Amino acid sequence: SAMIQYLLDEHVHPGVAMGLWQREPSLTIVQVHLSLPGYSDVELLAWAAEHAYILVTADRNTLINDAYKRMSEGLNTEGVFLLRHGFSLGDIIESLYEISQASESSEWANKITFIPLR
């Protein structure tokens, strides 16, 4: 079973990674602003697919359009999680943590999922 790995783009508050690591220190999390600065959304989607990371974003515009375009072209994604407006960091951390514990990455592939789930 494939463990969930998260790629957090620069629109995601750095506190999300910190909160997740407090809950589960073994989680694999890459933060774009630290590890992949300057990557375009298209490049991030390709990197995430190649390395089996779910891309977590708060960007409703360009990244989501690029994700739909990628999928429409038949290219794989590991999944994109779009953060809903109006939720606390705690809510987001809890939701990402629960998903990482209770599911496999294949369940999220090739779709865009709003987080927190409801």
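The values are calculated or read from the model by the stated rules, or taken from the named source; none is laboratory data. Note that the structure is predicted; figures quoted are calculated from it, not measured. Cβ coordinates were reconstructed from backbone atoms using ideal geometry, including for glycine residues, and neighbour counts include every protein chain displayed. Side chains included, ligands, DNA and RNA excluded: accessible areas come from the protein's heavy atoms. Shrake-Rupley method; radii C 1.70, N 1.55, O 1.52, S 1.80 Å.
Evaluate the relative contact order of the chain (contact order divided by residue number), counting alpha-carbon pairs under 8 angstrom at least 6 apart; express in whole percent.
Relative contact order here is 32 percent.
With axes computed from alpha carbons, what is the tilt in degrees of helix 14-23 against the longest principal axis of the chain, rounded to the nearest 10 within 0 to 90?
Result, in degrees: 50.
Could you please state how large a percent of the accessible area of the chain is carbon and sulfur, counting protein chains only and using a 1.4 Å probe?
Taking all protein chains in place, the chain shows 52 percent carbon and sulfur surface.
For the chain, what ratio Rg/Rh do Cα atoms give with a Kirkwood hydrodynamic radius?
0.92
With every protein chain present, what is the per residue accessible area of the chain (1.4 Å probe, Å²)?
Result: 51 Å² per residue.
Quick one: if the Förster radius is 25 Å, what FRET efficiency do residue 18 and residue 61 give, using the C-beta to C-beta distance and rounding to 0.05?
Working: r = 26 Å, r/R0 = 1.05.
E(calc), rounded to 0.05, equals 0.45.
Which one, 42, 56, 80, has the greatest fluctuation when you compute a Gaussian network model over the chain with C-alpha springs under 10 angstrom?
So, out of 42, 56, 80, the one fluctuating most is 42.
Please give the length that would be gained between residue 50 and residue 106 if that part of the chain were fully extended, namely 0.36 nm times their separation in residues minus their C-alpha to C-alpha distance (nm, one decimal).
Separation in residues times 0.36 nm, less the Cα-Cα distance, equals 18.8 nm.
Can you pull the one-decimal nm distance between simple spin-label points at residue 84 and residue 36, each 7 Å off the Cα toward Cβ?
Rounded to a tenth, the inter-label distance reads 2.6 nm.
Relative to the Cα centre, what is the charge dipole magnitude of the chain, using +1 at the beta carbon of each Lys and Arg, -1 at the beta carbon of each Asp and Glu, and rounding to the nearest 20 debye?
240
Once ligands and nucleic acids are excluded and a 1.4 Å probe is used, how much of residue 43 is accessible, expressed in Å² to the nearest 10?
Accessible area of residue 43: about 90 Å².
Based on DSSP H runs of at least 4 residues, each adding -39500 (n - 2.57), what is the mean residue ellipticity at 222 nm of the chain after dividing by all its residues, to the nearest 500 deg cm²/dmol? Mind dumping the intermediate values first?
Values: 5 runs with 50 residues, N = 118.
Mean residue ellipticity, 222 nm, calculated: -12500 deg cm²/dmol.
What whole number of Å gives the distance from the Cα centroid of the range 91-118 to the Cα centroid of the range 1-15?
If we compute the Cα centre of each part, the gap is 10 Å.
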